[in-house]
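Structure below; questions to follow.
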């Protein structure tokens, strides 16, 4: 497994990954949002390769317009045939570490569905808002937050 920065020629693989997760994790109506995200945040977007093939992706973005003290994990996804192999866990750990290095002390947020809410809870994320059918019929919107300890309060 290799995690590397997204490149423009990865787009076709990303769309394949995205579409492989419809209808459980995404709706077709969300696809334009992926393109918009990549236009603005491609520098903080990464892909996961296995055997030279892109099978997962995810990024981070500061929430400058909403809450500048937070950073979101954005557009995390693993191709359907690779779900449950540990790639999502590795990608999430990578993005959490990246966000902590790039934006120390910021709380992390994520908008996800009820289908992956439990996955993110394993990393310490807490659901702060739940909207039934928030992304589309059968896909609830779960806003989650991981609160970071400042260097002054972290006494491990």
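By average Cβ neighbour count within 10 Å, what is the ranking of 68-79, 113-124 from highest down?
Values: 68-79: 20.8, 113-124: 15.2.
By packing density, highest mean first, the sequence is 68-79, 113-124.
Another one. As a check on your grasp of the helix formula, calculate [θ] at 222 nm for the chain: sum -39500 (n - 2.57) over DSSP H runs of n ≥ 4, divide by the residue count, round to the nearest 500. Spell out each step's value before the answer.
Numbers: 4 runs with 42 residues, N = 156.
Helices in the chain give a 222 nm mean residue ellipticity of -8000 deg cm²/dmol.
Just to be sure I follow: if Rg is taken over the C-alpha atoms of segment 1-90 and Rh is the Kirkwood radius over the same atoms, what is Rg/Rh?
Working: Rg = 12.9 Å, Rh = 13.5 Å.
Taking Rh as the inverse mean 1/r over Cα pairs, Rg/Rh reads 0.96.
Which one of 112, 131, 92 has the biggest mean-square fluctuation once the chain is modelled by GNM with Cα springs under 10 Å?
Largest GNM mean-square fluctuation: 131.
For all pairs of alpha-carbon atoms in the chain, what percent lies in each bin of width 10 Å, listed from the first bin to the last filled one?
For the chain, the binned pair fractions read 11, 41, 38, 9, 1 percent.
Every read-out reported here was derived from the displayed coordinates using simple, explicitly stated rules and does not represent laboratory data. Source: prediction; values computed, not measured. Virtual Cβ from ideal backbone geometry, glycine too; neighbours counted across all protein chains shown.
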